[in-house]
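Below you'll find the structure, written out as structure tokens, and then a few comments.
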Amino acid sequence: MAEAKARDMIDNQYFAHVSPSGIDIVMLTERYGYAYLNVGENLALGDFVSSQEVVTGWMNSPGHRANILNKSYTELGVAAIIGAYNGRNVWFVVQEFGRPMSDCPTPDALLKQKITISQEQINALEVTLANLKIEINTAGLSIDAYNAKVNDYNTIVALYNNLVATAKKQIADYNILTDAYNLCITTP
């Protein structure tokens, strides 16, 4: 990305964070498929005699210095290319800073799917239990039919209770993962 930015500035004769066609660092990351938590960019243009001269210039600039010292950035891309600008050959220097989205593991999608399935099963069991309760309370059942329905009801209640306990555990586990992810993306 840093090299692409430097070459674009040379090819299109500009020196800015946003190209004449409107491309900025965010659009550049999209173009290169860089999923990030945060990004930053430092640019330099001039007749530099050493890399130390470029870095000294950046360190003397509050905004550039802040990018260099920002602990939230975990990756860096650098390019330094000589190119013509306003009739003379100069250095185009680019630093692209980033923290990739992969630094923060996302909550388990399979676990979320299991929670959804558990909830659907719980909802279905609630309907079954409601229907059985109506049948049990219906007058005219023989003792054997009544006892069979009560046994079915109790069996389904036990299944329901186990499924609710499982779903609560799944939700608690998923919430732990979500909290860890949220903490990661908000912590430099």
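The values are calculated or read from the model by the stated rules, or taken from the named source; none is laboratory data. Small disclaimer: the values here were computed from a predicted structure and weren't measured. So basically every Cβ, Gly included, is an ideal-geometry build from the backbone, and we count neighbours across all protein chains shown. Side chains included, ligands, DNA and RNA excluded: accessible areas come from the protein's heavy atoms. Shrake-Rupley method; radii C 1.70, N 1.55, O 1.52, S 1.80 Å.
Do you know which of the residues in segment 15-41 that are polar (S, T, N, Q) and not in a helix (DSSP H, G or I) is most open to solvent (accessible area, probe 1.4 Å)? Outline the logic, then answer.
Quick first cut of segment 15-41, residues polar (S, T, N, Q) only: 19, 21, 29, 38.
Now narrow it down to the ones that are not in a helix (DSSP H, G or I): 19, 21, 38.
Values: 19: 8, 21: 96, 38: 44 Å².
The extreme case among them is 21.
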Check your understanding: Within segment 1-36, can you find the residues that are in contact with a strand residue (DSSP E or B) (Cβ under 7 Å, 6 or more places away or on another chain) and of a type in the set (Asp, Glu)?
Key -> 3
**Study point:** Per-region count, segment 4-26, residues over 16 Å from residue 41 (Cα atoms) and charged (D, E, K, R)
**Key:** 1
Point to revise | Where residue 102 falls short, out of the listed (1) touching a residue at least 24 places away in the same chain (Cβ under 8 Å); (2) over 30 Å from residue 165 (Cα atoms); (3) in a helix (DSSP H, G or I); (4) open to solvent by less than 80 Å² (accessible area, probe 1.4 Å) | key: (4)
Exercise for review: Kindly indicate the residue of segment 128-137 that is free of Cβ contacts under 8 Å to residues at least 12 places away in the same chain and either farther than 19 Å from residue 118 by Cα or among the charged types (D, E, K, R) (or both) and also least open to solvent (accessible area, probe 1.4 Å) among those meeting that condition.
Suggested key: 131
Practice item. Say whether the condition of being closer than 25 Å to residue 103 by Cβ and either out of contact with any Phe, Trp or Tyr (no Cβ under 9 Å at 6 or more places or on another chain) or not hydrophobic (A, V, I, L, M, F, W, C) (or both) is met by at least one residue in segment 11-22. Key: yes
Exercise for review: Look at residue 77 and say whether it is of a type outside the set (Lys, Arg), within 21 Å of residue 104 (Cα to Cα) and either crowded, with 16+ Cβ neighbours inside 10 Å or in contact with a helix residue (DSSP H, G or I) (Cβ under 9 Å, 6 or more places away or on another chain) (or both).
Suggested key: yes
Practice item. Kindly provide the set of residues from segment 1-13 that are over 23 Å from residue 62 (Cβ atoms) and either in contact with a helix residue (DSSP H, G or I) (Cβ under 8 Å, 6 or more places away or on another chain) or assigned to a strand (DSSP E or B) (or both), ordered by number. Key: 1, 4
Check your understanding: Scanning for something open to solvent by less than 50 Å² (accessible area, probe 1.4 Å) and either in contact with a helix residue (DSSP H, G or I) (Cβ under 7 Å, 6 or more places away or on another chain) or under 30 Å from residue 40 (Cα atoms) (or both), does segment 138-145 turn up at least one residue?
Key -> no
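Restricting attention to segment 114-142, and to residues there that are among the small types (Gly, Ala, Ser) and modelled with pLDDT of 95 or more, which single residue is farthest from residue 157 (Cα to Cα)?
118
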Check your understanding: Which of the residues belonging to segment 144-188 are of a type in the set (Val, Ile, Thr), free of Cβ contacts under 8 Å to residues at least 40 places away in the same chain and touching a Leu at 6+ places or on another chain (Cβ under 7 Å)?
Key -> 156, 157
Review point. Considering only residues of segment 51-74 that are outside any helix (DSSP H, G or I) and open to solvent by less than 50 Å² (accessible area, probe 1.4 Å), which is nearest to residue 95 (Cα to Cα)?
Key: 73
